[in-house]
1. Quick one: residue 83 ticks every box in (1) polar (S, T, N, Q); (2) surrounded by fewer than 15 Cβ atoms within 10 Å (Cβ to Cβ); (3) in a strand (DSSP E or B) except a single one, so which number is it?
2. Here are some residues: 100, 68, 25, 58. Which one is surrounded by 11 or more Cβ atoms within 10 Å (Cβ to Cβ), within 12 Å of the chain's Cα centre (by Cα) and not in a strand (DSSP E or B)?
3. Which pairs do you get when a residue that is at positive phi, found in segment 33-58, comes within reach of a residue that is β-branched (Val, Ile, Thr) and surrounded by 12 or more Cβ atoms within 10 Å (Cβ to Cβ), reach meaning Cβ atoms under 6 angstrom, with the pair 6+ apart or on two chains?
4. If you scan segment 76-101, which residues turn out to be within 13 Å of residue 25 (Cβ to Cβ) and out of contact with any Cys (no Cβ under 7 Å at 6 or more places or on another chain)?
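Any read-out appearing in this document is the output of simple, stated calculations on the displayed coordinates, not a laboratory observation. What you see is a predicted model; the values in this text were computed from it and never measured. Cβ coordinates were reconstructed from backbone atoms using ideal geometry, including for glycine residues, and neighbour counts include every protein chain displayed.
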Amino acid sequence: MLRMIAILGLLGGCAMVPEPPSVTGMDGRWVVDLSTDPAEPYTKAMELRLAADGVATGSFYDSEILAGRWKMDRGRTCVSFRTTDGAGPYHSAACLTDDGRMAGQTWAEHRNFLFNWNATRD
């Protein structure tokens, strides 16, 4: 009986161990600041799901992330992916900053623009 109580105590302790935080620190929901004028805030949601094999999925600017990849290298964690608005592709890349934010840019060749942006945790 004492053995059973000891085993149950051990199992109960294991069940209470919290899930470890994301290895990359990039997984999850982000708020991307796309404002061109600080007086007129304009943000969009981004959600990243990063798999151990380097694949990145999720959504950005109300579009599914396509052909996404991520990597930790040279002291940085970065992600690159493609989305589309139906008229053409948008290529985005971003890296985590030392303060836990994300700095990125999106290039849309069909719209002839490159846009730098920042993101914070949602």
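1. (2)
2. Just one listed residue meets the conditions, 25.
3. 58/65
4. Within segment 76-101, the subset within 13 Å of residue 25 (Cβ to Cβ) is 76-79, 94-101.
Residues satisfying the conditions are 79, 96, 97, 98, 99, 100, 101.
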